[in-house]
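What follows is one structure encoded as structure tokens, with my remarks underneath.
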2 protein chains.
Amino acid sequence: MKLSTRGRYGLRAMLDIARHTEKNEPVSIAAIAQHQDLSERYLEQIMMSLKKAGLVYSSKGAKGGYTLGKKPEDITVGEIIRALEGEISPVECVSLQKSEECIRADFCVTRIIWREVRDVINQVLDKYSLADLLKEEKNLQKEENYADGLSGS
Amino acid sequence: MKLSTRGRYGLRAMLDIARHTEKNEPVSIAAIAQHQDLSERYLEQIMMSLKKAGLVYSSKGAKGGYTLGKKPEDITVGEIIRALEGEISPVECVSLQKSEECIRADFCVTRIIWREVRDVINQVLDKYSLADLLKEEKNLQKEENYADGLSGS
DNA sequence: GATAATACCTACCAAATTAATAGGAATTAT
DNA sequence: ATAATTCCTATTAATTTGGTAGGTATTATC
């Protein structure tokens, strides 16, 4: 039950872009990779998925890079994660676009649980937008400064 | 974000044992494997983990097998899944018995989300006991009968 | 118009994890 | 004694993940 690096890296990349979104300058893969300490080549693939999902807009050529495809408050973590990892579901048999029905589907009680797990995970992921996270980030920094002040002087 | 077969098979195995628990006869690996259509050899390993966690009691030798280690209402799905898959957490960095702290830990906002996801998953899993599932199973069967009755005669 | 910086695309590869097999020892009811 | 069972450890096969690689297309800048 672990998220893969695609989802984790992708979310961090999106946050990185979101932080630069005020200036409205595109952020390059090279820049993101450096900030986030990721492989450029791997990040490239991740960005392609995000682009395909419409979550980022890209401009090619020199000075090119990525900007958010929507406002930070309109991009949820759920969208990002699902764009990168596919539908989030703890088991195949309660996946919405599942390939084939399990033969046990009709009488298998465990599906009740898997459905509920699927739903709560997605609810949490959909609850947070990039804007929310940026706001939380500022709170974290405040706390940090406060702690420094206390222990420091 | 998928559960492994260990967890899924293990839960089904536990339900199987729970169904036989009234008679208080141990259920053998061979029998469970047959009912659930699983590899005996693989199930064997799963049962070892369940035993180690105290969720089943085993008796060796002819007529041996497994019985529940506690009352069905005292065994939660969460306990079973965690016994088989380890701690349930979407990322390593919010795992309770994590090996090493992430260098980003202090300022990484994504952890807020991962923690919440971790908690809701475990809450759902801990909410259901084997007894609850057996009860649900009976409900499913009733509905089935009812549906048959409607479409049948 | 040349150059450098960038995204885009597809294929491939290596490591890790998962799922399962296999062989045999120990125990116990009959 | 025998057959049925759990217990333990090692090995292997399959799948997924996490990346690397090579090359093309586009565009700002000089």
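None of the figures in this text is laboratory data; all of them are computed from the coordinates on show. Every value quoted in this text rests on a predicted model; they were computed, and no experiment measured them. Cβ atoms come from the backbone with ideal geometry, glycine included; neighbour counts cover every protein chain shown.
So what's Rg/Rh here for the stretch A:37-90, counting alpha carbon atoms and using the Kirkwood radius for Rh? Don't jump to the answer; show the numbers that get you there.
Working: Rg = 12.1 Å, Rh = 12.1 Å.
The Rg/Rh ratio comes out at 1.00.
So how do A:45-51, B:14-20 stack up, highest first, on mean other-Cβ count within 10 Å? List each step's numbers first, then the result.
Details: A:45-51: 18.6, B:14-20: 21.3.
Highest mean packing first, the order is B:14-20, A:45-51.
With each pseudo-label sitting 7 Å past Cα toward Cβ, what's the residue A:40-residue B:51 distance in nm, one decimal?
With each label point 7 Å from Cα toward Cβ, the separation is 5.6 nm.
In chain A, which helices (entire DSSP H runs) extend 20 Å or more along their own long axis, judged by Cα positions, while averaging at least -0.5 on the Kyte-Doolittle scale? Could the numbers behind the result be given before it?
Values: long enough: A:5-19 (21 Å, -0.45); A:110-127 (26 Å, -0.37); A:130-151 (32 Å, -1.05).
Passing helices, by number: A:5-19, A:110-127.
So, by mean Cβ neighbours within 10 angstrom, what's the order for B:74-86, A:117-129 with the highest one leading?
Details: B:74-86: 20.6, A:117-129: 19.0.
The peptides rank, most packed first, as B:74-86, A:117-129.
P(r) of the protein assembly as shown in 10 Å steps, Cα pairs, percent per bin?
Each 10 Å bin holds this share of Cα pairs: 5, 23, 26, 20, 15, 9, 3, 0, 0.
Per residue of B:119-129, count partner chain C-beta atoms within 10 Å of its C-beta, then hand back the mean as an integer. Let's see the in-between values first.
Numbers: counts 2, 7, 8, 1, 3, 10, 4, 0, 2, 5, 0.
Per-residue shielding by partner chains comes out at 4.
What are the nm distances, shortest first, from residue A:64 to its equivalents in the other copies, labels at 7 Å along Cα→Cβ?
Taking the point 7 Å beyond Cα along Cα→Cβ, the inter-copy spacings are 6.7 nm.
What residue among B:140, B:130, B:38 has the largest mean-square fluctuation in a Gaussian network model of chain B, using Cα springs under 10 Å?
B:140
Would you compute, from DSSP H runs of 4+ residues alone, the mean residue ellipticity of the protein assembly as shown at 222 nm, taking -39500 (n - 2.57) per run and dividing by the full residue count, rounded to the nearest 500? Don't skip to the answer; put the middle values down first.
Values: 12 runs with 170 residues, N = 306.
That comes out to -18000 deg cm²/dmol.
Using the beta-carbon distance between residue B:106 and residue A:96 and R0 = 30 Å, what value does 1/(1 + (r/R0)^6) give for FRET efficiency, to the nearest 0.05?
Step by step, r from the Cβ atoms, then E = 0.20.
At residue A:74 and residue B:60, where each label point lies 7 Å from the Cα along Cα→Cβ, what is the point-to-point distance in nanometres?
About 6.8 nm, to one decimal.
Would you please classify the overall shape of the stretch A:5-151 from the alpha carbon gyration tensor, given that a ≥ b ≥ c denote the square roots of the eigenvalues, rounded means a/c under 1.5, and beyond that prolate means a/b larger than b/c while oblate covers the rest?
Values: a/c = 2.61, a/b = 1.52, b/c = 1.72.
It is oblate, given that a/c is not under 1.5 and a/b is not larger than b/c.
Taking a Cβ-Cβ separation under 4.7 Å as the criterion for a possible partner, which cysteines of chain B have none?
B:108
State, to one decimal in nm and shortest first, how far the label point of residue A:106 sits from each corresponding label point in the other identical copies (label point: 7 angstrom along Cα-to-Cβ).
Output for residue A:106: 6.0 nm, nearest copy listed first.
Run through the other copies and list how far each one's label point is from that of residue A:140, in nm with one decimal, shortest first; the point sits 7 Å from Cα along Cα-Cβ.
Reported distances to equivalent positions: 4.1 nm.
Nearest the rotation axis from A to B, which residue of chain A has its beta carbon, and at what whole-angstrom distance?
With distances in whole Å, chain A gives A:120, 2.
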